[in-house]
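Structure first, commentary second.
The values are calculated or read from the model by the stated rules, or taken from the named source; none is laboratory data. From a predicted model like this one, the values you see are computed outputs, not experimental measurements. Cβ sites come from the backbone with ideal geometry, for glycine too, and all protein chains shown count toward neighbours. SASA here: full protein model, heavy atoms, side chains in, ligands and nucleic acids out. Shrake-Rupley method; radii C 1.70, N 1.55, O 1.52, S 1.80 Å.
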Amino acid sequence: MINILFIGGGGFIGSNLVHTFIKDKKYKIFIFEPLFSNLNRLEDIKSSVTVIRGSIADYDLLKSIVEGDKIDIIVHLVSTLIPGSTYQDFKNEFENVVFPTFRLMELCSEKKIKFIYFSSGGTVYGNSRNGEKFKETDKLSPISYYGLTKQIIENGILFENRKGKLDYLIVRPSNPFGKGQSLHGNQGFIAVAIGKILAGEPIEVWGDGSSIRDYIYIDDLADALYQLVNNGVNNEIVNIGSGFGYSVNNIIGKLRNCIDIPFKIVHKESRSVDVNTMILDITKLKTLVKVKHTHLEQGIKTFFNHSRKTIQGL
């Protein structure tokens, strides 16, 4: 039995990872979430997982879980920031997430626990000069506090590996979308657009809609991480994306193709924290796992139909 602790396992990405790993009976799953967090995404499997409520800043609690439950792997998914976060948000993130994470990494190193960190392929690389795909070896040049924080924690992991021989896996996902994603959040263009369409409201587009992103269906992301863990991939940094780029205008066109509800677009002034082009090179990923790729339009249709049924209570 492999005991795996998902810190932030009740969120959008975390809950989908949990639903994937729980299918394999060799994993015993523990989920660490704040007292105030909503665990509705885990409602169907709550009897099969162990949920611990607390703060990542509570080192003594985490240490007792790690030791008491003999945790073998920790998957860290916690961040309170988004690309548009302010300096004050950044400062709070250091106190509430970054420093506690560094201490947790030391504990993992001491206890020989594998530490898996969800970074952000969408923000750590920064702007693309000529629209080229980003490789794991490219220089990191984030332009938002969100991306900077991810880079700092990545550096902390590499430091702890050099200092204490921490076993790690850093994954840099592109823009995931799909079941469990908030339709009314501050990020995730496809999800927010679907939310606006279902509410009969116009879709807001920052700038002229030319910015390009790499979108990955959440099932494909979860499957890729599951394979990376099962295959024993260790001490690596891996992009997880589709390898394809679509502009916001492309996505709007695909929404019109996939959805039978008319909608309007409202353009707003572009933001300096948004990168112009972000497409991930997944060559390395393909050497490590059998990559699944859900076609973008099929993913949108599946996500939209699930969202509509959920809202209508069907």
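Key figures for this structure:
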{"quantity": "Close pairs (9 angstrom Cβ cut-off, 6 or more residues apart or separate chains): at pLDDT 90 or above in the stretch 35-50, assigned to a helix (DSSP H, G or I) and open to solvent by 60 Å² or more (accessible area, probe 1.4 Å) anywhere", "calculated": "39/46"}
{"quantity": "Test: residue in the stretch 6-14 that is within 16 Å of residue 227 (Cα to Cα), touching a Gly at 6+ places or on another chain (Cβ under 6 Å) and either open to solvent by 20 Å² or more (accessible area, probe 1.4 Å) or not small (Gly, Ala, Ser) (or both)", "calculated": "no"}
{"quantity": "Of residues in the stretch 258-289 being open to solvent by 100 Å² or more (accessible area, probe 1.4 Å) and of a type in the set (Ser, Thr, Tyr), the one nearest to residue 86 (Cα to Cα)", "calculated": "272"}
{"quantity": "Selection count where residues are touching a helix residue (DSSP H, G or I) at 6+ places or on another chain (Cβ under 7 Å) and either over 19 Å from residue 178 (Cα atoms) or surrounded by fewer than 18 Cβ atoms within 10 Å (Cβ to Cβ) (or both), scope the stretch 197-238", "calculated": "11"}
{"quantity": "Matching helices (runs of 4 or more DSSP H) fully within the stretch 242-314 where at least 2 residues are touching a helix residue (DSSP H, G or I) at 6+ places or on another chain (Cβ under 6 Å)", "calculated": "248-258, 296-312"}
{"quantity": "Filtered residues of the stretch 66-85 (kept if buried (at least 17 other Cβ atoms within 10 Å of the Cβ) and either of a type in the set (Phe, Trp, Tyr) or out of contact with any helix residue (DSSP H, G or I) (no Cβ under 9 Å at 6 or more places or on another chain) (or both))", "calculated": "72"}
{"quantity": "Residues being farther than 13 Å from residue 271 by Cβ, part of a loop (DSSP other than H, G, I, E, B) and among the acidic types (Asp, Glu) - total across the stretch 207-221", "calculated": "1"}
{"quantity": "Evaluation of residue 93 against (1) among the charged types (D, E, K, R); (2) on the phi > 0 side of the Ramachandran plot; (3) part of a helix (DSSP H, G or I) (one fails), failing number", "calculated": "(2)"}
{"quantity": "Output for the stretch 239-248, where each listed residue is in contact with a Gly (Cβ under 8 Å, 6 or more places away or on another chain) and open to solvent by 20 Å² or more (accessible area, probe 1.4 Å)", "calculated": "245"}
{"quantity": "Inter-residue pairs, beta-carbon under 9 Å, first at positive phi and in the stretch 234-251, second in a strand (DSSP E or B), 6+ apart", "calculated": "235/168; 235/169; 243/280"}
{"quantity": "Residue that is nearest to residue 14 (Cα to Cα) [pool: residues in the stretch 161-206 that are assigned to a loop (DSSP other than H, G, I, E, B) and in contact with a strand residue (DSSP E or B) (Cβ under 7 Å, 6 or more places away or on another chain)]", "calculated": "178"}
{"quantity": "Long-range neighbours under 8 Å by Cβ, at least six apart or interchain, first residue open to solvent by 90 Å² or more (accessible area, probe 1.4 Å) within the stretch 86-113, second of a type in the set (Ser, Thr, Tyr) and assigned to a helix (DSSP H, G or I)", "calculated": "87/145; 103/59"}
{"quantity": "Matching strands (runs of 3 or more DSSP E) fully within the stretch 1-85 where at least 3 residues are aromatic (Phe, Trp, Tyr)", "calculated": "27-33"}
{"quantity": "One residue from 163, 139, 150 being within 18 Å of residue 85 (Cβ to Cβ) and among the charged types (D, E, K, R)", "calculated": "150"}
{"quantity": "Subset of the stretch 290-314 [open to solvent by less than 90 Å² (accessible area, probe 1.4 Å), among the basic types (Lys, Arg) and at pLDDT 95 or above]", "calculated": "301"}
